[in-house]
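Asks: Quick one: the structure is below, and I'll ask about it shortly.
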Amino acid sequence: MTHPSVTPSAAPSAAADQQLELAAQFDALHAARARTDLAARLYSAAMGEDHPHEVADSSSCDWPLLGLMVSRLRMRPGQLLVDVGCGTGGTGLWLARALAARLVGFDISAVAIAQATARRPHFIAAADRAAFHVARLDVTGLPDGCAHGVVCVDAFSFAPDRDGAMRELGRILAPGGRLVLTRALRRGAEPVWEEQARAAGLTVEHVDERPSEPAMWERLYRLWIDHAEELRRDLGDVQAQNMLREAHRMLPALPGRRAVLLTLRRPARSPAAPVPAGRMTGPVRHPDDGPASSERTPQ
(Lines give C-alpha, C1' and ligand atoms only; values in the text may rest on other atoms or scores of the structure.)
Protein backbone atom coordinates (compact mmCIF):
# COMPACT_ATOMS: atom_id res chain seq x y z
CA MET A 1 0.00 0.00 0.00
CA THR A 2 1.12 3.54 -0.70
CA HIS A 3 0.21 5.94 2.09
CA PRO A 4 -0.44 9.60 1.31
CA SER A 5 2.75 11.57 1.61
CA VAL A 6 2.90 13.95 4.56
CA THR A 7 3.90 17.53 3.86
CA PRO A 8 5.96 19.28 6.58
CA SER A 9 4.00 21.92 8.47
CA ALA A 10 4.69 25.63 8.26
CA ALA A 11 6.90 27.61 10.67
CA PRO A 12 5.67 27.62 14.28
CA SER A 13 3.13 30.26 15.31
CA ALA A 14 1.67 31.10 18.71
CA ALA A 15 -0.85 28.31 18.21
CA ALA A 16 1.97 25.96 17.25
CA ASP A 17 3.85 26.88 20.42
CA GLN A 18 0.73 26.11 22.42
CA GLN A 19 0.48 22.74 20.70
CA LEU A 20 4.16 21.98 21.39
CA GLU A 21 3.52 22.53 25.09
CA LEU A 22 0.44 20.30 24.91
CA ALA A 23 2.46 17.66 23.05
CA ALA A 24 5.04 17.61 25.83
CA GLN A 25 2.28 17.11 28.39
CA PHE A 26 0.80 14.20 26.45
CA ASP A 27 4.27 12.70 25.87
CA ALA A 28 4.75 12.59 29.64
CA LEU A 29 1.25 11.18 30.20
CA HIS A 30 1.63 8.36 27.65
CA ALA A 31 5.11 7.49 28.90
CA ALA A 32 3.85 7.27 32.49
CA ARG A 33 0.79 5.18 31.64
CA ALA A 34 2.93 2.73 29.64
CA ARG A 35 4.74 1.77 32.84
CA THR A 36 1.64 0.48 34.65
CA ASP A 37 -1.81 -0.93 33.93
CA LEU A 38 -3.43 1.10 36.72
CA ALA A 39 -5.03 3.71 34.44
CA ALA A 40 -6.34 0.97 32.13
CA ARG A 41 -7.85 -0.90 35.09
CA LEU A 42 -9.65 2.23 36.27
CA TYR A 43 -11.05 2.89 32.78
CA SER A 44 -12.23 -0.73 32.68
CA ALA A 45 -13.90 -0.39 36.07
CA ALA A 46 -15.65 2.83 35.00
CA MET A 47 -16.97 1.35 31.73
CA GLY A 48 -17.79 -2.15 32.96
CA GLU A 49 -18.99 -4.46 30.20
CA ASP A 50 -18.81 -1.61 27.68
CA HIS A 51 -15.00 -1.41 27.98
CA PRO A 52 -13.23 -2.62 24.79
CA HIS A 53 -10.12 -4.12 26.41
CA GLU A 54 -8.31 -4.64 23.11
CA VAL A 55 -8.69 -0.99 22.14
CA ALA A 56 -7.38 0.19 25.53
CA ASP A 57 -7.54 3.90 24.69
CA SER A 58 -7.73 6.61 27.34
CA SER A 59 -10.97 8.05 26.01
CA SER A 60 -14.73 7.57 26.10
CA CYS A 61 -14.50 4.98 23.31
CA ASP A 62 -16.66 2.02 24.35
CA TRP A 63 -18.34 -0.88 22.57
CA PRO A 64 -21.50 1.11 21.67
CA LEU A 65 -19.40 3.89 20.16
CA LEU A 66 -17.26 1.48 18.12
CA GLY A 67 -20.35 -0.17 16.65
CA LEU A 68 -21.95 3.18 15.90
CA MET A 69 -18.81 4.49 14.14
CA VAL A 70 -18.62 1.39 11.93
CA SER A 71 -22.24 1.94 10.94
CA ARG A 72 -21.86 5.68 10.29
CA LEU A 73 -18.58 5.52 8.32
CA ARG A 74 -20.01 3.12 5.70
CA MET A 75 -16.58 2.47 4.17
CA ARG A 76 -15.65 -0.10 1.55
CA PRO A 77 -12.68 -2.50 1.89
CA GLY A 78 -9.38 -0.92 0.87
CA GLN A 79 -10.49 2.67 1.38
CA LEU A 80 -8.42 5.04 3.53
CA LEU A 81 -9.42 5.82 7.13
CA VAL A 82 -7.69 8.69 8.96
CA ASP A 83 -7.63 8.59 12.78
CA VAL A 84 -7.33 12.16 14.08
CA GLY A 85 -5.67 12.58 17.48
CA CYS A 86 -5.12 8.82 17.43
CA GLY A 87 -3.31 8.57 20.77
CA THR A 88 -1.91 5.06 21.16
CA GLY A 89 -3.84 3.93 18.10
CA GLY A 90 -6.37 1.45 19.44
CA THR A 91 -9.55 3.01 18.05
CA GLY A 92 -8.22 3.55 14.52
CA LEU A 93 -6.55 0.13 14.37
CA TRP A 94 -9.70 -1.63 15.57
CA LEU A 95 -11.88 0.25 13.08
CA ALA A 96 -9.45 -0.32 10.20
CA ARG A 97 -9.46 -4.05 10.90
CA ALA A 98 -13.26 -4.17 11.22
CA LEU A 99 -13.72 -2.19 7.98
CA ALA A 100 -10.84 -3.84 6.07
CA ALA A 101 -9.58 -0.30 5.50
CA ARG A 102 -6.12 1.22 5.16
CA LEU A 103 -5.20 3.50 8.04
CA VAL A 104 -3.28 6.70 8.63
CA GLY A 105 -3.26 8.00 12.19
CA PHE A 106 -1.74 11.15 13.60
CA ASP A 107 -1.32 12.76 16.99
CA ILE A 108 0.65 15.62 18.51
CA SER A 109 2.44 13.22 20.88
CA ALA A 110 5.51 11.47 19.47
CA VAL A 111 5.40 9.03 22.40
CA ALA A 112 1.82 8.06 21.54
CA ILE A 113 2.74 7.63 17.86
CA ALA A 114 5.59 5.28 18.80
CA GLN A 115 3.20 3.24 20.94
CA ALA A 116 0.56 3.15 18.19
CA THR A 117 3.15 1.96 15.67
CA ALA A 118 4.25 -0.80 18.04
CA ARG A 119 0.63 -1.94 18.47
CA ARG A 120 -0.06 -2.18 14.75
CA PRO A 121 0.94 -5.87 14.30
CA HIS A 122 -1.61 -6.93 16.93
CA PHE A 123 -4.44 -5.61 14.73
CA ILE A 124 -3.11 -5.53 11.16
CA ALA A 125 -0.50 -7.99 9.92
CA ALA A 126 0.52 -6.10 6.78
CA ALA A 127 2.85 -3.25 7.75
CA ASP A 128 1.94 -1.26 4.64
CA ARG A 129 -1.75 -1.02 5.61
CA ALA A 130 -1.31 1.26 8.63
CA ALA A 131 0.98 4.23 9.28
CA PHE A 132 1.22 6.84 12.04
CA HIS A 133 2.87 10.27 12.15
CA VAL A 134 3.07 13.36 14.34
CA ALA A 135 0.80 16.23 13.28
CA ARG A 136 -1.76 18.76 14.54
CA LEU A 137 -5.50 18.71 13.96
CA ASP A 138 -5.36 21.96 12.01
CA VAL A 139 -2.16 21.10 10.08
CA THR A 140 -2.37 17.42 9.15
CA GLY A 141 0.07 17.54 6.22
CA LEU A 142 -2.19 15.14 4.28
CA PRO A 143 -3.24 15.65 0.63
CA ASP A 144 -6.59 17.10 -0.43
CA GLY A 145 -9.40 14.54 -0.58
CA CYS A 146 -7.23 11.58 0.40
CA ALA A 147 -9.53 10.10 3.09
CA HIS A 148 -12.71 8.11 2.52
CA GLY A 149 -13.39 8.22 6.25
CA VAL A 150 -12.11 10.30 9.17
CA VAL A 151 -12.57 9.50 12.86
CA CYS A 152 -11.86 11.79 15.81
CA VAL A 153 -12.61 10.55 19.33
CA ASP A 154 -12.24 13.00 22.25
CA ALA A 155 -9.50 14.98 20.49
CA PHE A 156 -11.25 17.82 18.66
CA SER A 157 -11.52 19.98 21.77
CA PHE A 158 -7.71 20.21 21.97
CA ALA A 159 -7.46 22.11 18.69
CA PRO A 160 -6.49 25.74 19.38
CA ASP A 161 -8.73 26.85 16.48
CA ARG A 162 -11.71 24.54 16.12
CA ASP A 163 -13.02 26.28 13.02
CA GLY A 164 -9.62 25.86 11.37
CA ALA A 165 -9.41 22.23 12.46
CA MET A 166 -12.83 21.52 10.98
CA ARG A 167 -11.82 23.09 7.66
CA GLU A 168 -8.62 21.03 7.66
CA LEU A 169 -10.47 17.77 8.29
CA GLY A 170 -12.97 18.70 5.61
CA ARG A 171 -10.11 19.40 3.19
CA ILE A 172 -8.66 15.89 3.50
CA LEU A 173 -12.07 14.23 3.11
CA ALA A 174 -12.88 12.82 -0.33
CA PRO A 175 -16.24 13.62 -2.00
CA GLY A 176 -18.85 11.33 -0.48
CA GLY A 177 -16.62 10.57 2.51
CA ARG A 178 -17.65 10.92 6.14
CA LEU A 179 -16.13 12.39 9.27
CA VAL A 180 -17.30 11.00 12.62
CA LEU A 181 -16.28 12.84 15.76
CA THR A 182 -17.29 13.06 19.39
CA ARG A 183 -18.40 16.44 20.74
CA ALA A 184 -19.83 17.62 24.04
CA LEU A 185 -21.74 20.67 25.24
CA ARG A 186 -21.92 22.20 28.67
CA ARG A 187 -25.37 22.62 30.18
CA GLY A 188 -27.48 25.20 28.35
CA ALA A 189 -25.00 25.80 25.52
CA GLU A 190 -26.11 25.92 21.89
CA PRO A 191 -24.16 23.79 19.39
CA VAL A 192 -22.14 25.45 16.63
CA TRP A 193 -21.33 22.32 14.66
CA GLU A 194 -23.81 23.13 11.88
CA GLU A 195 -21.95 26.42 11.17
CA GLN A 196 -18.52 24.80 11.50
CA ALA A 197 -19.51 21.99 9.15
CA ARG A 198 -20.98 24.37 6.57
CA ALA A 199 -17.84 26.53 6.61
CA ALA A 200 -15.80 23.38 5.89
CA GLY A 201 -18.03 22.37 2.98
CA LEU A 202 -19.62 19.53 4.94
CA THR A 203 -23.18 18.61 5.85
CA VAL A 204 -24.39 17.20 9.17
CA GLU A 205 -25.72 13.74 8.35
CA HIS A 206 -26.39 12.37 11.86
CA VAL A 207 -26.29 13.58 15.46
CA ASP A 208 -26.29 10.51 17.71
CA GLU A 209 -26.80 11.16 21.41
CA ARG A 210 -24.51 9.45 23.92
CA PRO A 211 -26.53 9.69 27.14
CA SER A 212 -24.28 7.34 29.13
CA GLU A 213 -21.03 9.27 28.45
CA PRO A 214 -21.25 11.81 31.32
CA ALA A 215 -21.96 9.06 33.87
CA MET A 216 -18.93 7.12 32.66
CA TRP A 217 -16.68 10.13 33.22
CA GLU A 218 -18.19 10.67 36.66
CA ARG A 219 -17.41 7.07 37.65
CA LEU A 220 -13.88 7.38 36.27
CA TYR A 221 -13.11 10.69 37.99
CA ARG A 222 -14.35 9.35 41.32
CA LEU A 223 -12.17 6.27 40.86
CA TRP A 224 -9.17 8.53 40.26
CA ILE A 225 -9.92 10.39 43.49
CA ASP A 226 -10.45 7.16 45.43
CA HIS A 227 -7.14 5.72 44.11
CA ALA A 228 -5.09 8.90 44.52
CA GLU A 229 -2.29 7.20 46.45
CA GLU A 230 -2.00 4.40 43.88
CA LEU A 231 -1.87 6.97 41.09
CA ARG A 232 0.99 8.78 42.82
CA ARG A 233 2.82 5.50 43.41
CA ASP A 234 2.45 4.11 39.88
CA LEU A 235 2.35 7.25 37.72
CA GLY A 236 4.34 9.73 39.78
CA ASP A 237 3.30 12.90 41.56
CA VAL A 238 3.05 15.10 38.45
CA GLN A 239 0.75 12.83 36.44
CA ALA A 240 -1.32 11.92 39.48
CA GLN A 241 -1.79 15.57 40.35
CA ASN A 242 -2.81 16.39 36.76
CA MET A 243 -5.42 13.63 36.81
CA LEU A 244 -6.79 14.64 40.22
CA ARG A 245 -6.96 18.29 39.17
CA GLU A 246 -8.86 17.23 36.04
CA ALA A 247 -11.27 15.13 38.09
CA HIS A 248 -12.06 17.90 40.59
CA ARG A 249 -12.45 20.49 37.80
CA MET A 250 -14.67 18.36 35.57
CA LEU A 251 -16.98 16.71 38.08
CA PRO A 252 -19.07 19.87 38.70
CA ALA A 253 -19.43 20.39 34.92
CA LEU A 254 -20.84 16.92 34.20
CA PRO A 255 -24.49 17.45 35.28
CA GLY A 256 -26.39 18.51 32.18
CA ARG A 257 -23.49 17.68 29.85
CA ARG A 258 -24.64 16.64 26.37
CA ALA A 259 -22.37 14.22 24.51
CA VAL A 260 -22.89 13.24 20.88
CA LEU A 261 -21.31 11.51 17.93
CA LEU A 262 -21.49 13.74 14.86
CA THR A 263 -21.42 12.31 11.36
CA LEU A 264 -20.45 14.94 8.77
CA ARG A 265 -20.32 14.25 5.03
CA ARG A 266 -18.55 15.85 2.11
CA PRO A 267 -21.17 16.00 -0.70
CA ALA A 268 -20.37 13.60 -3.51
CA ARG A 269 -20.03 16.44 -6.02
CA SER A 270 -19.23 19.76 -4.44
CA PRO A 271 -16.22 22.10 -4.55
CA ALA A 272 -14.42 22.66 -1.26
CA ALA A 273 -15.73 25.64 0.64
CA PRO A 274 -13.44 28.66 0.34
CA VAL A 275 -11.68 29.89 3.43
CA PRO A 276 -12.95 33.38 4.27
CA ALA A 277 -10.32 36.05 3.71
CA GLY A 278 -8.67 37.48 6.79
CA ARG A 279 -9.94 34.72 9.06
CA MET A 280 -8.38 34.54 12.51
CA THR A 281 -5.77 31.83 12.95
CA GLY A 282 -5.61 31.95 16.73
CA PRO A 283 -7.86 30.15 19.21
CA VAL A 284 -11.57 30.74 18.67
CA ARG A 285 -14.06 30.45 21.54
CA HIS A 286 -17.69 29.53 20.92
CA PRO A 287 -20.75 29.53 23.13
CA ASP A 288 -20.49 25.73 23.48
CA ASP A 289 -16.89 25.89 24.65
CA GLY A 290 -17.63 27.01 28.18
CA PRO A 291 -14.61 26.95 30.48
CA ALA A 292 -11.43 25.89 28.69
CA SER A 293 -11.79 22.32 29.93
CA SER A 294 -15.57 21.91 29.68
CA GLU A 295 -15.56 19.79 26.53
CA ARG A 296 -12.17 18.21 27.07
CA THR A 297 -11.76 14.64 28.17
CA PRO A 298 -8.50 12.84 29.00
CA GLN A 299 -6.48 11.13 26.28
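Asks: Among the residues in the range 143-156, are any aliphatic (A, V, I, L, M), touching a residue at least 40 places away in the same chain (Cβ under 8 Å) and surrounded by fewer than 20 Cβ atoms within 10 Å (Cβ to Cβ)?
Replies: no
Asks: For the range 175-219, name all the residues that are part of a strand (DSSP E or B), of a type outside the set (Gly, Ala, Ser), under 22 Å from LEU95 (Cα atoms) and under 20 Å from the mean Cα position of the chain (by Cα).
Replies: ARG178, LEU179, VAL180, LEU181, THR182, ARG183, VAL204, GLU205, HIS206, VAL207, ASP208, GLU209
Asks: From ALA131, ALA98, ALA116, ALA112, which residue is assigned to a helix (DSSP H, G or I) and in contact with a His (Cβ under 8 Å, 6 or more places away or on another chain)?
Replies: So the residue among ALA131, ALA98, ALA116, ALA112 that is assigned to a helix (DSSP H, G or I) and in contact with a His (Cβ under 8 Å, 6 or more places away or on another chain) is ALA112.
Asks: Regarding ILE108, is this residue open to solvent by 20 Å² or more (accessible area, probe 1.4 Å), within 15 Å of the chain's Cα centre (by Cα) and at pLDDT 95 or above?
Replies: In short, yes.
Asks: Let me ask another. When you check LEU65 against the structure, is it more than 25 Å from LEU173 (Cα to Cα) and either modelled with pLDDT of 95 or more or assigned to a helix (DSSP H, G or I) (or both), yes or no?
Replies: For LEU65, the condition - more than 25 Å from LEU173 (Cα to Cα) and either modelled with pLDDT of 95 or more or assigned to a helix (DSSP H, G or I) (or both) - is not met.
Asks: Could you look through the range 55-67, keep only residues that are without any contact (Cβ under 8 Å) to a residue 60 or more places away in the chain and not aliphatic (A, V, I, L, M), and pick out the one that is least open to solvent (accessible area, probe 1.4 Å)?
Replies: My answer is GLY67.
Asks: Those residues that are within 19 Å of GLY92 (Cα to Cα) and not in a helix (DSSP H, G or I), I need them from the range 35-55; list them, please.
Replies: HIS51, PRO52, HIS53, GLU54, VAL55
Asks: Hey, among the residues in the range 242-271 that are small (Gly, Ala, Ser) and farther than 17 Å from HIS227 by Cα, which one's surrounded by the fewest Cβ atoms within 10 Å (Cβ to Cβ)?
Replies: Taking the candidates together, the pick is ALA268.
Asks: Further question: What number of residues within the range 209-258 satisfy the criterion of being closer than 25 Å to LEU66 by Cα and in contact with a Ser or Thr (Cβ under 7 Å, 6 or more places away or on another chain)?
Replies: Counting residues in the range 209-258 that are closer than 25 Å to LEU66 by Cα and in contact with a Ser or Thr (Cβ under 7 Å, 6 or more places away or on another chain) gives 4.
Asks: Now for a separate question. Do we have PRO252 as in contact with a strand residue (DSSP E or B) (Cβ under 8 Å, 6 or more places away or on another chain) and part of a helix (DSSP H, G or I) here?
Replies: no
Asks: When you go through (1) at pLDDT below 95; (2) closer than 19 Å to GLU54 by Cα; (3) in contact with a strand residue (DSSP E or B) (Cβ under 7 Å, 6 or more places away or on another chain); (4) not basic (Lys, Arg) one by one for LEU137, which number turns out not to apply?
Replies: All conditions are met except number (2).
Asks: I'd like the residue in the range 164-174 that is in contact (Cβ under 8 Å) with a residue 40 or more places away in the chain and assigned to a helix (DSSP H, G or I) and, out of all such residues, is most open to solvent (accessible area, probe 1.4 Å).
Replies: ARG171
Asks: Does the range 6-19 contain at least one residue that is farther than 25 Å from PRO214 by Cβ, modelled with pLDDT of 95 or more and in contact with a helix residue (DSSP H, G or I) (Cβ under 9 Å, 6 or more places away or on another chain)?
Replies: Checking the range 6-19: not a single residue is farther than 25 Å from PRO214 by Cβ, modelled with pLDDT of 95 or more and in contact with a helix residue (DSSP H, G or I) (Cβ under 9 Å, 6 or more places away or on another chain).
Asks: Condition check: modelled with pLDDT under 95 and either among the aliphatic types (A, V, I, L, M) or open to solvent by 10 Å² or more (accessible area, probe 1.4 Å) (or both). Does PHE123 satisfy that?
Replies: It is false that PHE123 is modelled with pLDDT under 95 and either among the aliphatic types (A, V, I, L, M) or open to solvent by 10 Å² or more (accessible area, probe 1.4 Å) (or both).
The values are calculated or read from the model by the stated rules, or taken from the named source; none is laboratory data. Note that this is a predicted model, so its numbers are computed, not measured. For neighbour counting, all protein chains shown are included, and Cβ atoms are generated from backbone atoms with ideal geometry for every residue, glycine included. Note: accessible area is taken over every heavy atom of the protein model, side chains too, but ligands, DNA and RNA are not part of it. Shrake-Rupley method; radii C 1.70, N 1.55, O 1.52, S 1.80 Å.
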